[in-house]
Structure formats: structure tokens, C-alpha cells
Number of protein chains: 2
Amino acid sequence: MEGEPEVRVVRLGHRPGRDDRMTTHVGLTARALGADRVVLPEAAGHAAETVREVTGRFGGPFAVETVSSPERAVERWDGLVAHLTMYGEPVEDVIDGVREARAEAPLLVVVGAAKVSFDVYEAADWNVAVTNQPHSEVAALAVFLDRLFEGRELDRDWRDAERRVVPQAAGKRVEPADGAEPGE
Amino acid sequence: MEGEPEVRVVRLGHRPGRDDRMTTHVGLTARALGADRVVLPEAAGHAAETVREVTGRFGGPFAVETVSSPERAVERWDGLVAHLTMYGEPVEDVIDGVREARAEAPLLVVVGAAKVSFDVYEAADWNVAVTNQPHSEVAALAVFLDRLFEGRELDRDWRDAERRVVPQAAGKRVEPADGAEPGE
């Protein structure tokens, strides 16, 4: 979030076709839950485009980057690394340490897919498990970010949005972001 | 979780093929993060099978049900209903009320997809937004459950598991669930 050391999310192991929607959801979750940037493999160009479109409509700042090798982006990162994996240490045990360290330095959050090289486990300052049960990289990222930011991400301000959703007890209300005219 | 009023997750609007993996992740996230049962549409039979397999390997109790109409499962539910939607009220404002009510009565958590009928908004006791930003039904479910259970779901016990993951600072360790022999 703005005025704080960067939180960047990198997605490893994207399989074109099969992983398109999961990678899109990784990118959208990173944006919605307080990260500053997502790094996706070039093969996930469609996912990158969707996240950019959402940022255009609903605001930022949020950056979407595509790279030829996300693994190399991990190697070259000069900062803290938290790797989300069901084999890691419990998030409830490590999150306070991550939060404290990240107050002083940027943090790369590594989200894997099918196979993650052992180098990533070694490069990580923390291998973090959101339960040691198999579930979803999107769910793990969401819980990790919500606990990292302690809920502050939920009332983040969005700039340069075209529209915004107005919370409703029932139904849907969307307004132009300047609030001038009622929308849907 | 056991010894408490049931938390059941129902997935609406599954589109076969396109939504298979997302629906699988909804089911796995429901299981890993403390729900007791997931209700999926019959068209998501492959997703249901995957969640049952994971429950067989990593333990339960967790029930997977397929129904011809998840919408009807919402109508017929005798208990509380929380519908996750980006158009709803902020999770941080409503979650304490949900938790308090659910201490006395079972809770159905409704997870939508593309289009959700207005009847669902009306049937819900709470329409809940995990941010009013578009992101992921899996991420929304994960944050909702983690906040509902206040992290208690993370150290849930699993019964009848064939194997369990042993948390590691780096690397992977999987053991037979009885702890007798090391596996991988």
C-alpha cells in the first residue's frame, strides 16, 4: 500500500490454458487485498490483461508486470521473500515476524502452482503454510495478505477509478467514481 | 467444525469446463478452512470427486454433496445465510454479528459465480463483501472463514487421514497419519 515498503506478488508455475483463471484470480486478489504489484509469466498474458482492465475501471495504484522467468524474478529480488506452500510453517506462527520485518523492507510473496523448485524454498525467508492442507493458492494468498495488513487493506483508497461499488445490504449499486451520477 | 453449529458452503452458477478448477478450489478451501460440508451442482462432479479424494487422503470430517439445483438448496435452508458478493456490506462491519448469530444456529455460506439471482440477495441474512473490488470467490471465502472462526480453523484436528504434512522451515515432509513411518 502507498507510503509503505512494497508488497509484490509473483506467480510461479503457470500452465497456459489450464491455469489462466487461477492466475487471473491471483492477480486480482493481490490487487484487491493490498499488494502493490503482481509479476506474472509472459505465458499468462491474458490474465495480465484482465488485471490491467480491472485496475483501469476500479482504480489503483496497482502494477501488472509480465516476465519471461518468474523464478529469476525471485532470485534477483532484493528484499524479503515469503513463499506460500502447504509444506511450510503455520502462518499464525510466522506472520508477526513477517509484518515486523516488512515494516522496514519490501516483501516478495511467492505463489506457486504445480511444481516449485527447491531453490525457491531455499531462497525464501519464510515458507508459510495457510494450514498444511491442500486447498488453493488464491485462498492462501488472501489469508496471508489479510493477516499481514491486519485488515487495513479492506478500506484502502482507490485512485483514478472509473467506477465504484457502493456497499448495499441487498442488491447492487455501482456509481461513477466521482460520485456525480448514479450508475446501475 | 465439530461440536459447533454446522457451517455449510454452497456454490452457485458453476459453468462446466470453465469453472471446474475454481469450483474445486471453493470445495478445498471450504474443507481446509473449517466448514463442515460443501454443496456443489451436479455439473461439477469432477470437482466433487477431487474434494472427496483429498478428504480421503488428508482426513475429515468433511462432506461433499452434489445437488441438481444449488439455488433450491439455498431456498430450503433452515438457518442463517451469508452471501458473499462484492456488492455487499463490508466483512469487517458484519462479521461479529454473523459469528454471534452462528453460535446458536447453522450457517450457509453462499458463493456465487457469474450471475446470481436477486432472490439470493433477498434470501440472505447478510450480503457480505470482502472489499467492494472484483477479485475471487475463493479469496472471499477464505477471508470470510478465517475471520468467522478467528483463526481457530487453522489448527483443526483431522480424523481418518492417510497422511499428514509436517510443517518445515524449508522443504517438504509428509508422513503416514499414524506417524509410524516416514514417507514423502
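Here, each number is a calculation from the coordinates, and none is a lab measurement. On a predicted model such as this, the values are computed, not experimentally measured, just so you know. Cβ sites come from the backbone with ideal geometry, for glycine too, and all protein chains shown count toward neighbours.
Ascending distances from the A:S68 label point to its copies in the other chains, with the point 7 Å along the Cα-to-beta-carbon line: 5.6 nm. Shortest first, A:D93 label-point distances to identical copies amount to 3.9 nm, with the label point at 7 Å from Cα along Cα→Cβ.
Distances between copies of A:E53, taken at a point 7 Å out from Cα along the Cα→Cβ vector and listed shortest first: 3.2 nm. If only the Cβ of Lys and Arg carry +1 and only the Cβ of Asp and Glu carry -1, the dipole of the protein assembly as shown around its Cα centre is close to 1040 debye.
Once you reduce segment A:1-67 and segment B:99-129 to the center of their Cα atoms, the two points are 28 Å from each other.
Our estimate of slack between A:A169 and A:A113, defined as 0.36 nm per intervening residue step minus the Cα-Cα distance, is 16.5 nm. I'd like the orientation of helix A:137-148 relative to chain A: the angle between its Cα long axis and the longest Cα principal axis, in ° from 0 to 90, rounded to 10. The answer is roughly 80 degrees.
Using the charge dipole of the protein assembly as shown (Lys, Arg: +1 at Cβ; Asp, Glu: -1 at Cβ; taken about the Cα centre), state which of B:V138, A:P167, B:A169 has its Cα farthest towards the positive end. Result: B:V138, furthest along the dipole toward the positive end.
Remark: spin-label model distance A:E122-A:E104 equals 2.7 nm, labels positioned 7 Å along the Cα→Cβ axis. Principal-axis analysis of the Cα atoms of chain A puts helix A:91-102 at an angle of about 80° to the longest axis. Each of A:S69 and B:R152 was given a label point 7 Å from its Cα along the Cα-to-Cβ line. The distance between the two points is 4.8 nm. Here's the list of lysines a cross-link from B:K172 could span, going by alpha-carbon distance under 30 Å and ignoring same-chain residues fewer than 8 apart: A:K115. Out of every Cα-Cα pair that the protein assembly as shown contains, those further apart than 26 angstrom amount to 49 percent. When the helices of chain A are scored as -39500 (n - 2.57) per DSSP H run of n ≥ 4 and the total is divided over every residue, the value at 222 nm lands at -10000 deg cm²/dmol.
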